[in-house]
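See structure below.
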Amino acid sequence: MAQLAKDAGLGRESLLYKALTPGAKPRYDTMLKRLHALGVKLTATSVHS
């Protein structure tokens with residue numbers, strides 16, 4: 001968890017505990033940092049072909 005937080009440029013508490021608690025509203029840019037640190041790419045596609 002410490003390495004993931006470092007890779008995301010976030011503190012450990014911000015990375016997991018604060019963002020994933022019930023009622024939390026994490027910012028979009030913070031979620032992107034988490035996903036990037038995990039090696040996940042978020043993409044969107046049209047539902048209409």
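The residue of segment 26-49 that is surrounded by the most Cβ atoms within 10 Å (Cβ to Cβ), among those that are hydroxyl-bearing (Ser, Thr, Tyr) and not in a loop (DSSP other than H, G, I, E, B), is Thr30. A single entry from Lys6, Lys33 fulfils the requirement of being at negative phi and either modelled with pLDDT of 85 or more or under 12 Å from the mean Cα position of the chain (by Cα) (or both): Lys33.
How about segment 15-30: which of its residues are within 10 Å of the chain's Cα centre (by Cα) and either at positive phi or of a type in the set (Gly, Ala, Ser) (or both)? Scanning segment 15-30 gives a single hit, Ala19.
When Lys18 is tested against (1) surrounded by 13 or more Cβ atoms within 10 Å (Cβ to Cβ); (2) in contact with a helix residue (DSSP H, G or I) (Cβ under 7 Å, 6 or more places away or on another chain), exactly one condition is not met: (2).
The values are calculated or read from the model by the stated rules, or taken from the named source; none is laboratory data. Keep in mind that what you see is a predicted model, and the values were worked out from it rather than measured. Neighbour counts are summed over all protein chains in view; Cβ atoms, including those assigned to glycine, are modelled from backbone coordinates with ideal geometry.
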